[in-house]
Amino acid sequence: MRAAFTSLPAVSLLVAAVLTIANYAVMTGYDLLAFRYAGARLRARRIVFASFISYAVSNNIGFAMVSGASVRFRFYTRWGVSAEALARVVFSYSATFWLGLLALGGISLMTTGIAPAAGGALITLVALYLAAAIFWRRPIRLWRFTLPIPSVSIASAQVLLSSIDWILAALVLYVLIPHGAIGFLRFSTFFLAAMLAGLVSHVPGGLGVFETTLALLLSPAVPASALVPALLAYRAIYYIGPLIVAALMLAGFEAAVRRERAAAIRSRLRDAALTLSPQAFAVLSFVTGLVLLFSGATPAVSARMTWLSHTFPIGVIEASHFLGSIAGVVLLLVSQGLARRLDAAWFASVAALGVGIAASLLKGFDYEEAAVMSVALAALVFARPAFRRRAAFFATRFSTGWILAVAAGVGASIFLGFFAFKHVAYSHELWWQFEVESDASRFLRASVGAAIVMVAFVAARLVRPAPHQIDPPTAEDLAAAEGIVRRQSRTLPQLVFLGDKGLIFNADRTGFVMYGVRGRTWVALGDPVGPESVVNDLIREFLERCNDFNGTPVFYQVTPGYLHRYADFGLTFVKLGEEAQVDLNLFSLDGPSGARYRQAIRRLQKEGAAFAVIDPAEAAARMDDLRRVSDDWLSTRTGGEKGFSLGFFNPAYLGRGPVAVVTRNGDVEAFANLWVSEDRREASVDLMRHTARAPKITMEALIANILVWAKAEGIQRFVLGMAPLSGLQPTRAASRWTRLGAILYRHGERMYRFRGLRAFKEKFRPDWESRYLAYPGGLRLPRVLTDVSALIAGGYRQIFLR
């Protein structure tokens with residue numbers, strides 16, 4: 001039979017393949033004709049596509065009324081075919097299928113003389129169908145569907161199309177059997193009978209039933225040794241081949257339909273992988289490290305050791321055993337770095353796994369361990385993009401739980417070794433035995449090696465650098481930040497040029513977070529600066545940097561539009577206050593609404609003062625005058641200079657932009673430095689100071705003049721800064737913080753001019769936008785607020801000084 005299968009002529013196989021293609025093309029005509037009968041409209045290429053897949057599936061699975069109809073339902077309903085039209089389509093192609101079988105079966109039985117009466121009965125059924133198409137006009141009602149009787153032309157086309165289908169199906173097998181063994185008419189009779197037996201059996205594809213029936217009917221004309229190879233080839237060409245093509249077509253269609261959804265899923269999986277995979281790989285590293293340590297603490301398989309001793313020198317076996325335990329300890333230690341996505345930990349893990357794989361094979365041919373570590377190594381290499389952080393391994397903190405877990409793992413391996421070799425009496429000679437069967441000696445030496453690595457690690461931790469201190473930004477950092485700030489529409493990021501905050505850039509240096517540290521609280525000022533596409537990466541980088549040093553991450557003065565991003569990282573938020581924003585398109589000195597501003601400007605002029613906005617070059621030339629004003633103003637304040645979220649007197653900082661000044665008799669009496677965004681959508685004021693002898697109306701007139709100047713410059717919005725604790729609603733359902741903040745706002749005027757500051761800014765009729773504090777939640781809020789206040793005030797004592 002094997003010889004017969006391999007000796008099938010290539011021409012016969014090729015002809016069978018061509019006939020199969022023609023047969024399936026004819027079968028797609030079933031659905032084209034069915035749509036014409038149902039009166040439904042659909043593109044022909046869609047009908048051909050769906051019908052080919054349906055027939056390929058139903059021919060192999062069987063139960064055509066279920067399997068074929070299910071496939072069609074999936075396609076046709078998606079393309080807008082109604083349920084009633086689909087029911088008519090199913091009725092039509094099912095009738096077409098049986099009409100050809102009945103017609104050809106009847107003709108074959110009559111002409112061959114096998115069963116003329118039965119053949120006549122089959123032909124009579126076909127004739128009755130055609131007669132109904134001619135004379136019967138009343139539709140058939142089936143449940144809630146109405147099935148009209150097909151027209152004569154459709155009924156005739158059904159019989160013809162189905163007959164061609166069955167003839168082609170029989171020809172596919174006929175060309176594969178030995179030539180001349182049996183005539184085609186007689187063969188087709190047996191073929192149809194065997195096919196009918198397969199359909200009646202309800203076995204998927206008639207598998208086995210069709211072949212057995214045909215073998216019995218064709219015997220002895222076609223011996224089984226010649227027929228079975230032809231039947232196998234027939235199954236492969238007529239059934240399996242089209243099914244594979246249909247599966248590929250279906251997969252391609254589903255992929256195309258779900259492309260957008262798949263893209264969204266891939267994006268979510270990618271984000272999840274960036275969050276979860278480091279922790280998963282940390283666990284994997286820890287587990288593989290334990291596997292190496294436990295393997296080194298237990299006896300090797302004797303038969304494998306015997307084979308290794310005849311293949312490799314004893315020195316290779318001893319060294320592999322020792323290095324395997326060292327690699328195990330390294331994997332335990334670097335697991336902490338993998339959890340923090342450190343690239344150094346990734347390189348160390350890859351190297352340790354490589355050493356561990358080689359050691360497992362050379363110390364005892366432990367291919368099971370090598371296989372596990374090979375899978376871990378492949379996964380780690382594949383996940384390389386998740387480990388890009390370039391932080392010093394020993395500069396980060398090591399949690400107590402992790403240190404205890406490493407110590408427990410090493411201790412458990414040592415205990416396991418002593419338990420496994422408790423039958424071996426200890427002696428000093430064990431340390432110096434280098435023999436194939438000296439497993440206890442190898443365990444002792446490996447345990448000492450693991451202990452040495454642990455001691456070295458502890459020593460490195462003891463001489464670690466001092467706790468994290470913020471590195472001031474370099475000139476290169478500030479230059480990179482300047483390019484990023486220029487592309488922003490908000491002006492708060494210009495506080496980066498004070499130079500008092502640390503900077504965390506993303507990998508491409510297209511965005512940054514500016515932050516300060518007070519106590520254990522790490523405070524990021526405002527939202528991350530940069531395009532929206534890098535915001536999540538910057539938030540993640542800041543959170544991980546805080547976690548490295550056991551700090552509490554805080555984002556201070558964040559905007560409402562970014563709250564969902566912080567929530568995605570598990571942060572909660574509280575309202576800090578509201579920021580005043582003047583719409584310069586609505587601001588005017590004209591009319592009743594501008595009367596107050598006109599009056600303030602005239603009063604300042606009557607005092608003999610003048611207003612001007614000077615450029616950075618002139619500001620640098622008059623820096624001594626500005627310093628004199630600043631020192632005079634500070635002399636009336638007990639708290640001294642502020643910082644972080646507020647500007648302080650810094651000549652380099654003041655010289656970066658325009659400065660509004662009020663002069664009298666040639667002397668500067670007041671000034672305010674201005675920030676203007678590159679796209680001129682926003683401007684704001686930061687450092688505002690005046691001398692003690694300046695007229696009382698000076699600051700109000702200064703702001704009014706600045707707003708007039710900003711509108712003339714084409715700026716759209718002017719920011720007057722934040723009013724802390726304003727806008728809090730102390731309802732009974734509000735949080736404790738909200739209720740406490742509202743109390744401080746109302747009654748804490750002696751501590752800080754909360755209400756007075758808002759009242760001053762309210763004079764310019766601004767819009768108010770909320771600002772928030774995002775933090776990890778829990779009971780940290782009092783400490784966080786204290787640390788943030790100390791960071792701005794310059795110390796804890798200065799918080800209470802005005």
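Would you pick out the residues in region 646-678 that are in contact (Cβ under 8 Å) with a residue 60 or more places away in the chain, hydroxyl-bearing (Ser, Thr, Tyr) and either more than 21 Å from Phe764 (Cβ to Cβ) or in a strand (DSSP E or B) (or both)?
Once the filter is applied, which keeps residues that are in contact (Cβ under 8 Å) with a residue 60 or more places away in the chain, hydroxyl-bearing (Ser, Thr, Tyr) and either more than 21 Å from Phe764 (Cβ to Cβ) or in a strand (DSSP E or B) (or both), region 646-678 yields only Tyr653.
Answer yes or no as to whether Leu284 is open to solvent by 50 Å² or more (accessible area, probe 1.4 Å), under 27 Å from the mean Cα position of the chain (by Cα) and in contact (Cβ under 8 Å) with a residue 24 or more places away in the chain.
Yes; evaluated as a whole, the condition is true for this residue.
Is at least one residue of region 579-591 more than 22 Å from Leu757 (Cα to Cα) and not in a loop (DSSP other than H, G, I, E, B)?
There is no residue in region 579-591 that is more than 22 Å from Leu757 (Cα to Cα) and not in a loop (DSSP other than H, G, I, E, B).
Within region 67-74, is even one residue open to solvent by less than 50 Å² (accessible area, probe 1.4 Å) and basic (Lys, Arg)?
Yes, because at least one residue in region 67-74 is open to solvent by less than 50 Å² (accessible area, probe 1.4 Å) and basic (Lys, Arg).
Tell me, which helices (runs of 4 or more DSSP H) wholly within region 279-388 include 1 or more residues that are touching a Phe, Trp or Tyr at 6+ places or on another chain (Cβ under 7 Å) and of a type in the set (Ser, Thr, Tyr)?
Fully inside region 279-388 and qualifying: 314-339.
Quick test for you: out of Ala358, Ala345, pick the one residue that is surrounded by 14 or more Cβ atoms within 10 Å (Cβ to Cβ), small (Gly, Ala, Ser), modelled with pLDDT of 80 or more and over 31 Å from the mean Cα position of the chain (by Cα).
It is Ala358.
Per-residue answers, yes or no, for (1) farther than 22 Å from Met722 by Cα; (2) buried (at least 18 other Cβ atoms within 10 Å of the Cβ); (3) more than 42 Å from the chain's Cα centre (by Cα):
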{"residue": "Phe644", "(1), (2), (3)": "no, yes, no"}
{"residue": "Gly666", "(1), (2), (3)": "yes, no, yes"}
{"residue": "Ala670", "(1), (2), (3)": "no, yes, yes"}
{"residue": "Asn673", "(1), (2), (3)": "no, yes, yes"}
{"residue": "Asp679", "(1), (2), (3)": "yes, no, no"}
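Check Leu122 against each of (1) assigned to a helix (DSSP H, G or I); (2) farther than 20 Å from Ala194 by Cβ; (3) open to solvent by 40 Å² or more (accessible area, probe 1.4 Å) and name the one condition it does not meet.
With (1) assigned to a helix (DSSP H, G or I); (2) farther than 20 Å from Ala194 by Cβ; (3) open to solvent by 40 Å² or more (accessible area, probe 1.4 Å) applied to Leu122, the lone miss is (2).
For region 445-455, enumerate the residues that are touching a residue at least 24 places away in the same chain (Cβ under 8 Å) and not polar (S, T, N, Q).
Arg445, Ala446, Gly449, Ala450, Ala451, Val453, Met454
Of the conditions (1) more than 21 Å from Asn60 (Cα to Cα); (2) of a type outside the set (Gly, Ala, Ser); (3) open to solvent by 70 Å² or more (accessible area, probe 1.4 Å); (4) modelled with pLDDT under 85, Val200 clears all except one; give me its number.
Failed condition: (1).
Condition test on Arg565, is it under 30 Å from Ile715 (Cα atoms), open to solvent by 20 Å² or more (accessible area, probe 1.4 Å), among the charged types (D, E, K, R) and in contact with a helix residue (DSSP H, G or I) (Cβ under 8 Å, 6 or more places away or on another chain)?
yes
What number of residues within region 628-642 satisfy the criterion of being of a type outside the set (Asp, Glu), surrounded by 15 or more Cβ atoms within 10 Å (Cβ to Cβ) and more than 18 Å from Met699 (Cβ to Cβ)?
1
Looking at region 307-325, which of its residues are at pLDDT below 85, open to solvent by 30 Å² or more (accessible area, probe 1.4 Å) and under 14 Å from Ser438 (Cβ atoms)?
Within region 307-325, Ser309, Ile314, Gly315 qualify.
With the condition kept exactly as written, say whether any residue in region 86-98 is part of a helix (DSSP H, G or I), free of Cβ contacts under 8 Å to residues at least 40 places away in the same chain and open to solvent by 40 Å² or more (accessible area, probe 1.4 Å).
There is no residue in region 86-98 that is part of a helix (DSSP H, G or I), free of Cβ contacts under 8 Å to residues at least 40 places away in the same chain and open to solvent by 40 Å² or more (accessible area, probe 1.4 Å).
Which condition number does Ala408 fail, the rest of (1) modelled with pLDDT of 80 or more; (2) crowded, with 16+ Cβ neighbours inside 10 Å being met?
(2)
The values are calculated or read from the model by the stated rules, or taken from the named source; none is laboratory data. Worth saying up front: this structure is predicted, and the values here are computed from it rather than measured. Please note: Cβ atoms are built from the backbone with ideal geometry, for glycine as well, and neighbour counts cover all protein chains shown. Protein only, heavy atoms only, side chains kept; ligands, DNA and RNA dropped before computing areas. Shrake-Rupley method; radii C 1.70, N 1.55, O 1.52, S 1.80 Å.
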